[in-house]
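Accompanying notes for the structure given below.
The values are calculated or read from the model by the stated rules, or taken from the named source; none is laboratory data. Everything numeric in this text was worked out from a predicted model, so none of it was measured. We place every Cβ from the backbone using ideal geometry, glycine too, and count neighbours over all the protein chains shown. Keep in mind that these areas ignore ligands, DNA and RNA; they rest on the heavy atoms of the full protein, side chains included. Shrake-Rupley method; radii C 1.70, N 1.55, O 1.52, S 1.80 Å.
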Number of protein chains: 2
Amino acid sequence: MRELATPNDTKILLCVVDGLGGLPDSVTHRSELEEASLPNLNHLTADSECGLTIPVGYGITPGSGPGHLALFGYDPIRYQVGRGVLESLGIDFDLQRSDVAARGNFCTLDGQEWITDRRAGRVATNVNAAICDRLRKIKLPGVEVFVEPVREHRFVLVLRGEGLDDHLASTDPEREGVEPHPARATTPEAQPTAGLINEFVKQARAVMKDERQANGMLLRGFAKYPDLPSMPEVTQMRAGAFAVYPMYRGLAKLAGMTVSAGGGTQASQLEALKSRWNDFDFFFYHFKRADAAGEDGNFRAKVEALEEFDELVPPLRELGADVLMIAGDHSTPAQLAGHSWHPVPFLLNSHLGTTDDIDEFNEAHCRRGSLGTFPAKEVLSLAMAHAGRLVKYGA
Amino acid sequence: MRELATPNDTKILLCVVDGLGGLPDSVTHRSELEEASLPNLNHLTADSECGLTIPVGYGITPGSGPGHLALFGYDPIRYQVGRGVLESLGIDFDLQRSDVAARGNFCTLDGQEWITDRRAGRVATNVNAAICDRLRKIKLPGVEVFVEPVREHRFVLVLRGEGLDDHLASTDPEREGVEPHPARATTPEAQPTAGLINEFVKQARAVMKDERQANGMLLRGFAKYPDLPSMPEVTQMRAGAFAVYPMYRGLAKLAGMTVSAGGGTQASQLEALKSRWNDFDFFFYHFKRADAAGEDGNFRAKVEALEEFDELVPPLRELGADVLMIAGDHSTPAQLAGHSWHPVPFLLNSHLGTTDDIDEFNEAHCRRGSLGTFPAKEVLSLAMAHAGRLVKYGA
């Protein structure tokens, strides 16, 4: 793509409806998209090319990281983002290239240091925050230490300094009735980092010794900032991200996009998008609610979330992008109350596109679309082609 | 897959109808599957997700080896099984890891040692067997020699011993009126093995010198036992194979499956499957007759074979697998009287699956299914997803 990308004055708008795809309800045999009233999406569908995207591979259920990276044009198998990094992004932690981040769980240990609860009874978030305040005071030689609460028993540990290495095995034995593992380097180069982690855990034990629930910790997903090629550089597009939730803002940042000022509501996100329309060529617009409802296993709430997104379609169309796409990072069927591997409805609207004799935006109709069922990592090149941003390959 | 596989108590049943797919008859324009009366398969189809599998690649006609390995989750381009090994599996020869096997043809040589018939007039199998008996007595330094008849002019030669190497070129010049090639090493390490083969051929010439037809031999497909990752280990599933024919039992063994006691009829194969239902998580059930009829170019016999398989569907469903699949290793259209490259009907039945508004199991209907046309090597991950046996990829 780097060799074929060429500048143009066209604009591409990628709308990601998180957890877009679903499954038929066992009673009505209609999926969330089929059940929802989506006049604007259906109208757009009649004007568009449709298909289904496979986020990572057949049968592979993606997390948010690979689901989004694929839509940003990365091969999600080749470019992996460690859990420590994703967790840091999720709390808007400003991760640096020298950092090693880990996902932490507070746990409960008994008198012999054996784990009795791997999640410390899902300790209250404010207790977690108070413990993190105290752990943050731990000093390690030559590195800075960051300890940030996430929610309940989950926190993030970040070490910052030169020469840190993330080739470390998890300290979580993944069962109770045994001691946590010490941090262990999986390459010789990571030995010093393992030593620092073990020193941190030792000091932390002392800090937490009087806690009733959260008196120990398990660390996993040690990871450094991934070395992704910059999407704006590869594609020669100025890329702006408009997302409310930290995780998606973080993923866009990893890809090299400019992330607009965060927080706020769907309305303010749309306003931000409008106000920056002249500043970018590629726009990533993230809509979260569909995934959250699917994760809760709430079919009705997911239907409503999709209907809410439908109301955003007219203002999004009014922006006048040369290429407008509606995509999902993965399916989140309410039936499964979680992410799934099922191919995800996809739509591409462009004056260079064809249309498909389809006028409903859902799994069954998109399957019959002209784009077929195809890997999500191909979405970006498809969009660039429709935007006149790829030159001919070969003579 | 190794990283994502997770244990569960679900069961997966893969039924391989050998040579399943076909082509429309030139008169009726209906394929074997369309012509057959398949009430049970059609009923199952209405409840399932369907598609077409591509065994190896567009336009690539697979042998039984790659056709099956793909359905067992192996990339059939990356993992190849040499002809010598396949031929050994086909006669139930107990191949060891130290063996080098070759496919042999008896041929006819004239007084100058020139080939006059590359197949020795398709010599009778009993003559072949008698010659093999005599060849088996040949002694080579440091290795054991096995010579096993297959059928007509075909036999298998196996050398067993330490340090044998299969990097040897065929001795078959593939035309008549010239001498057979000597065995030639294609790497320096294979030099000693080439020497042993040439010594064997020399002694064999003496043994066979008075034969009228089969007085020479051509050797090709030199191969060692392939080093395949163990499917049960990679997938964390206990895997059992239920197949009557040696070739398919052998392929399952290569994949690391436990092969049930062989021989017998379709009925006894089904009984064996039932009686071992508690012993495995993954079951490979092989049905041969459709391929044999297709190979014979007998449209009617293939229709009947498919109808015979249809009668097996109710007892197979009654086993209650969480994921039941009907697949083919390749198409064998009676029209072509041989294997072909055509995508193969596929069906996956699971309570986590969707359904496709299709109620006939054949090429034209499966093409419209939600699984689309996809590589056969993805079948296993798809099945594992539906069986709750793959964790999420990335966070």
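For the range A:83-127, which residues satisfy the criterion of being assigned to a helix (DSSP H, G or I) and out of contact with any Asp or Glu (no Cβ under 7 Å at 6 or more places or on another chain)? Give the derivation first.
Residues of the range A:83-127 assigned to a helix (DSSP H, G or I): A:83-90, A:120-122, A:125-127.
Selection gives A:ARG83, A:GLY84, A:VAL85, A:LEU86, A:GLU87, A:SER88, A:LEU89, A:GLY90, A:ALA120, A:GLY121, A:ASN126, A:VAL127.
Residues that are within 14 Å of chain B (Cβ to nearest Cβ) and not in a helix (DSSP H, G or I) were ranked within the range A:34-53; the one that is nearest to the chain's Cα centre (by Cα) is A:THR53.
State whether the residues of the range B:113-122 include one that is closer than 22 Å to B:ALA194 by Cα and touching a helix residue (DSSP H, G or I) at 6+ places or on another chain (Cβ under 9 Å). If you could, list the steps in order and put the result at the bottom.
Quick first cut of the range B:113-122, residues closer than 22 Å to B:ALA194 by Cα only: B:113-115, B:118.
Now restrict to residues that are touching a helix residue (DSSP H, G or I) at 6+ places or on another chain (Cβ under 9 Å): B:113.
Yes, the range B:113-122 has at least one match.
Is at least one residue of the range B:341-349 assigned to a loop (DSSP other than H, G, I, E, B) and of a type in the set (Val, Ile, Thr)? First the steps, then the outcome.
Initial filter on the range B:341-349 (assigned to a loop (DSSP other than H, G, I, E, B)): B:341-343.
Now narrow it down to the ones that are of a type in the set (Val, Ile, Thr): none.
No - not one qualifying residue is present in the range B:341-349.
Can you find even one residue in the range B:293-309 that is more than 14 Å from chain A (Cβ to nearest Cβ), polar (S, T, N, Q), in a loop (DSSP other than H, G, I, E, B) and within 30 Å of A:PRO333 (Cα to Cα)? No, every residue in the range B:293-309 fails to be more than 14 Å from chain A (Cβ to nearest Cβ), polar (S, T, N, Q), in a loop (DSSP other than H, G, I, E, B) and within 30 Å of A:PRO333 (Cα to Cα). Looking across the range A:60-77, the residues that are over 18 Å from A:HIS386 (Cβ atoms), modelled with pLDDT of 95 or more and either in contact with a Leu (Cβ under 6 Å, 6 or more places away or on another chain) or away from chain B (no Cβ under 12 Å) (or both) come down to A:HIS68, A:ASP75, A:PRO76.
Only one of the listed residues (A:SER381, A:SER350, A:SER331, A:SER340) is within 19 Å of A:ILE54 (Cα to Cα) and in contact with an Asp or Glu (Cβ under 9 Å, 6 or more places away or on another chain). That residue is A:SER331.
Close contacts from the range A:362-383, counting a first residue that is within 14 Å of chain B (Cβ to nearest Cβ) and outside any strand (DSSP E or B) and a second that is hydroxyl-bearing (Ser, Thr, Tyr) and open to solvent by 30 Å² or more (accessible area, probe 1.4 Å), with Cβ to Cβ under 8 Å and a gap of 6+ residues or different chains, come to A:ARG367/A:THR373; A:SER370/A:THR354. Considering only residues in the range B:271-289 that are aromatic (Phe, Trp, Tyr) and over 12 Å from B:VAL16 (Cβ atoms), the one that is most open to solvent (accessible area, probe 1.4 Å) turns out to be B:TRP277.
The condition of being surrounded by 23 or more Cβ atoms within 10 Å (Cβ to Cβ), of a type outside the set (S, T, N, Q) and within 25 Å of B:PHE93 (Cβ to Cβ) holds for only one of B:MET231, B:MET237, B:MET247, B:MET217, that being B:MET217. Looking at the structure I just gave you, is B:GLU271 out of contact with any Leu (no Cβ under 6 Å at 6 or more places or on another chain) and away from chain A (no Cβ under 14 Å)? Yes, satisfied. Can you say whether B:SER26 is away from chain A (no Cβ under 14 Å), within 25 Å of B:GLN269 (Cβ to Cβ) and open to solvent by 20 Å² or more (accessible area, probe 1.4 Å), as far as the supplied structure shows? In short, no.
Filtering the range B:202-252 to residues that are part of a loop (DSSP other than H, G, I, E, B) and under 30 Å from B:LYS11 (Cβ atoms) leaves B:TYR225, B:PRO226, B:ASP227, B:LEU228, B:PRO229, B:SER230, B:GLN236, B:MET237, B:ARG238, B:ALA243, B:VAL244, B:TYR245.
Which of the residues that make up the range B:29-41 are surrounded by fewer than 18 Cβ atoms within 10 Å (Cβ to Cβ) and either touching a residue at least 24 places away in the same chain (Cβ under 8 Å) or under 23 Å from A:THR373 (Cβ atoms) (or both)?
Across the range B:29-41, the qualifying residues are B:SER37, B:PRO39.
Return a yes/no flag: does the range B:348-357 have any residue that is more than 8 Å from chain A (Cβ to nearest Cβ), in contact (Cβ under 8 Å) with a residue 12 or more places away in the chain, among the β-branched types (Val, Ile, Thr) and in contact with a Ser or Thr (Cβ under 8 Å, 6 or more places away or on another chain). Checked the range B:348-357: no residue is more than 8 Å from chain A (Cβ to nearest Cβ), in contact (Cβ under 8 Å) with a residue 12 or more places away in the chain, among the β-branched types (Val, Ile, Thr) and in contact with a Ser or Thr (Cβ under 8 Å, 6 or more places away or on another chain).
Considering only the range B:323-341, I want to know if a residue exists there that is open to solvent by 30 Å² or more (accessible area, probe 1.4 Å), touching a residue at least 24 places away in the same chain (Cβ under 8 Å) and within 14 Å of chain A (Cβ to nearest Cβ). No - not one qualifying residue is present in the range B:323-341. Among all residue pairs at least 6 apart or on different chains, which show Cβ distances below 7 Å where the first residue, located in the range A:267-284, is at negative phi and the second is aromatic (Phe, Trp, Tyr)? Qualifying pairs under 7 Å: A:GLN269/A:PHE242; A:ALA272/A:PHE242; A:LEU273/A:PHE242; A:LEU273/A:PHE283; A:LEU273/A:TYR285; A:PHE283/A:PHE242; A:PHE284/A:PHE242.
What are the residue pairs meeting all of these: first residue in the range A:107-119, first residue closer than 17 Å to A:VAL156 by Cα and modelled with pLDDT under 95, second residue open to solvent by less than 40 Å² (accessible area, probe 1.4 Å) and outside any loop (DSSP other than H, G, I, E, B), Cβ atoms under 8 Å, and 6 or more apart or on different chains? Between residues of the range A:107-119 that are closer than 17 Å to A:VAL156 by Cα and modelled with pLDDT under 95 and residues that are open to solvent by less than 40 Å² (accessible area, probe 1.4 Å) and outside any loop (DSSP other than H, G, I, E, B), the close pairs are A:ARG118/A:ASN105; A:ARG118/A:CYS107; A:ARG118/A:LEU218; A:ARG119/A:ASN105; A:ARG119/A:PHE106; A:ARG119/A:CYS107. Looking across the range A:132-146, the residues that are within 25 Å of A:TRP114 (Cα to Cα) and touching a residue at least 40 places away in the same chain (Cβ under 8 Å) come down to A:ARG134, A:LEU135, A:ILE138. The condition (being within 30 Å of A:VAL178 (Cα to Cα), in contact with a Pro (Cβ under 6 Å, 6 or more places away or on another chain) and within 14 Å of another protein chain (Cβ to nearest Cβ)) is satisfied by just one residue among A:VAL85, A:VAL56, A:VAL81: A:VAL81.
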